[in-house]
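Asks: Here it is, the structure in full.
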Amino acid sequence: YLINVCADNNRVRIPSRRILQDTCDAASEIDAQAVVVHGGHVTGDGPQEEGIERWRKALDSLDSDMQVLIENTAGGDKAVARRVVWVKRLWEEIGSYGVGFVLDTCHAWAGGEPFDGLVERVLDATGRIDLLHANDSKDPFDSRRDRHQNLGHGEIPEEHLAAVIRDADAPVV
């Protein structure tokens, strides 16, 4: 089951909140440093802003000291973390909750986010990059497909990957 706290449908959103709570509880039990969650997307007719509000409500109901790291996503027309402009809007709503940010290079590429100045735009939006998920992409730029490839064997120019890894100044997996 994938967590999507932004979903319009209560049958997805409410269990997603419960899974987030259970995951944070389990992570605490094993002394994990954080829990990584994709940003999610609005699934119905509502605007993306509703997904941002739903993130706030999910964090309001979360009873855990475990840090939640939100990762950018590759697809979804109404994804709240595909484009940096929406990540910035999300952070304006939930940044005070102590959430962190994971920058996934494959997701940025497939999501259509230009790599030129990417780290600076993310830092402007969130004030932080807590973890860099360095992946190449099997698919072309702006494909909206989340299909990782080993570094140097995909579609992202190696110099773009190297620049993001260098500029992010964050732990890399």
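The values are calculated or read from the model by the stated rules, or taken from the named source; none is laboratory data. Just so you know, these numbers come straight off a predicted model, no measurement behind them. Positions of Cβ are backbone-derived with ideal geometry, glycine not excepted, and every protein chain shown enters the neighbour counts. Areas reflect the complete protein model, heavy atoms only, side chains present, ligands, DNA and RNA absent. Shrake-Rupley method; radii C 1.70, N 1.55, O 1.52, S 1.80 Å.
Asks: Give the residues of the range 118-135 that are in contact with an Asp or Glu (Cβ under 7 Å, 6 or more places away or on another chain) and either open to solvent by less than 30 Å² (accessible area, probe 1.4 Å) or at positive phi (or both), sorted by residue number.
Replies: Taking the range 118-135 first, the residues in contact with an Asp or Glu (Cβ under 7 Å, 6 or more places away or on another chain) are 119, 133, 135.
VAL119, ASN135 - these are the residues of the range 118-135 that are in contact with an Asp or Glu (Cβ under 7 Å, 6 or more places away or on another chain) and either open to solvent by less than 30 Å² (accessible area, probe 1.4 Å) or at positive phi (or both).
Asks: Of all residues in the range 70-97, which are open to solvent by 10 Å² or more (accessible area, probe 1.4 Å) and either part of a helix (DSSP H, G or I) or of a type in the set (Val, Ile, Thr) (or both)?
Replies: Matches in the range 70-97: THR73, VAL84, VAL85, TRP86, LYS88, ARG89, TRP91, GLU92, GLU93, GLY95, SER96, TYR97.
Asks: Here's something else I'd like to know. Please determine, by comparing only the residues of the range 1-36 that are more than 17 Å from the chain's Cα centre (by Cα) and either under 16 Å from THR73 (Cβ atoms) or of a type in the set (Asp, Glu) (or both), which one is most open to solvent (accessible area, probe 1.4 Å).
Replies: Checked the range 1-36; the qualifying residue most open to solvent (accessible area, probe 1.4 Å) is GLU29.
Asks: Another one. State which residue pairs qualify: first residue of a type in the set (Ser, Thr, Tyr) and inside the range 76-105, second residue open to solvent by less than 50 Å² (accessible area, probe 1.4 Å) and in a helix (DSSP H, G or I) in any location, beta carbons under 8 Å apart, and separation of 6 or more residues or different chains.
Replies: Cβ pairs passing all conditions: TYR97/LEU59; THR105/LEU161; THR105/VAL164.
Asks: Looking at the range 37-48, which of the residues that are under 19 Å from PHE101 (Cα atoms) and open to solvent by 50 Å² or more (accessible area, probe 1.4 Å) is nearest to the chain's Cα centre (by Cα)?
Replies: Looking at the filtered set, the residue picked out is HIS38.
Asks: Here's another thing I want to ask about it. Among the residues of the range 131-173, what is the count of those that are outside any loop (DSSP other than H, G, I, E, B) and among the polar types (S, T, N, Q)? If you could, list the steps in order and put the result at the bottom.
Replies: Going through the range 131-173, the residues outside any loop (DSSP other than H, G, I, E, B) turn out to be 131-133, 136-137, 148-149, 158-168, 172.
Okay, now just the ones that are also among the polar types (S, T, N, Q), so 137, 149.
Total meeting the criteria: 2.
Asks: I'm trying to understand the selection: among the residues of the range 85-123, which are in contact with a helix residue (DSSP H, G or I) (Cβ under 7 Å, 6 or more places away or on another chain) and among the charged types (D, E, K, R)?
Replies: Scanning the range 85-123 gives LYS88, ARG89, GLU93, GLU113, ARG121.
Asks: State all residues of the range 98-109 that are assigned to a helix (DSSP H, G or I) and either of a type in the set (Phe, Trp, Tyr) or over 18 Å from VAL36 (Cβ atoms) (or both); if no residue qualifies, say none. Can you show your working first?
Replies: Step one: of the range 98-109, the residues assigned to a helix (DSSP H, G or I) are 105-109.
Within the range 98-109, just TRP109 meets the criteria.
Asks: Being open to solvent by less than 60 Å² (accessible area, probe 1.4 Å) and in contact (Cβ under 8 Å) with a residue 40 or more places away in the chain is the filter here; which residues of the range 146-156 pass it? Before you say what the answer is, go through the steps one by one.
Replies: Start the filter on the range 146-156 by keeping residues that are open to solvent by less than 60 Å² (accessible area, probe 1.4 Å), which leaves 149, 152, 154, 156.
Of everything in the range 146-156, those that are open to solvent by less than 60 Å² (accessible area, probe 1.4 Å) and in contact (Cβ under 8 Å) with a residue 40 or more places away in the chain turn out to be GLN149, GLY154, ILE156.
Asks: Determine which single condition ASP63 fails, assuming it passes every other condition in (1) on the phi < 0 side of the Ramachandran plot; (2) of a type outside the set (S, T, N, Q); (3) crowded, with 18+ Cβ neighbours inside 10 Å; (4) in a loop (DSSP other than H, G, I, E, B).
Replies: Single failed check for ASP63: (3).
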